[in-house]
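Asks: Here's a structure for you.
The values are calculated or read from the model by the stated rules, or taken from the named source; none is laboratory data. The structure presented is a predicted model; accordingly, all values stated were derived computationally and were not measured. A quick note on method: Cβ atoms are made from the backbone with ideal geometry, for glycine too, and the neighbour counts reach across all protein chains shown. Note: accessible area is taken over every heavy atom of the protein model, side chains too, but ligands, DNA and RNA are not part of it. Shrake-Rupley method; radii C 1.70, N 1.55, O 1.52, S 1.80 Å.
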Amino acid sequence: MALHHADRAAHAAADGLLTVANDADANDQWTRGISTSAEQVRGLIEQIAGRMKEVSAGTEDYAAAAQEIA
């Protein structure tokens, strides 16, 4: 009888560890997905910042030209 209980406990422990391992894998995949998304957002922000600098430079050139005309 005690051997049967020990066997059940061992199986339950193995099942629990398998669940923990699967959850850790799922968490790792989720974390990697978040990291990839963050990198993509960073890239988009850098592109937006670059475009804003271009717009700013163009606006300055336009203002300087308008001042010369006036």
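Asks: Could you tell me how far the Cα centroid of the range 41-70 sits from the Cα centroid of the range 1-31, in Å?
Replies: 59 Å
Asks: Where does each of Leu44, Leu17 land when they are ordered by accessible area, with a 1.4 Å probe and the largest first?
Replies: Leu17, Leu44
Asks: Can you work out the PRE-style zone for Glu46? Point 7 Å along Cα to Cβ, and I want the residues of the range 1-32 with backbone N under 20 Å.
Replies: Output list for this probe position: 32.
Asks: Taking mean projected area of the Cα convex hull in nm² as the quantity of interest, determine which of [x] 5.1; [y] 7.8; [z] 7.0 was computed from the displayed structure.
Replies: Label [x] holds the value from this structure.
Asks: Given the whole protein assembly as supplied and a 1.4 Å probe, what does the accessible area of Thr59 come to in Å², nearest 10?
Replies: My reading of the accessible area for Thr59 is about 80 Å².
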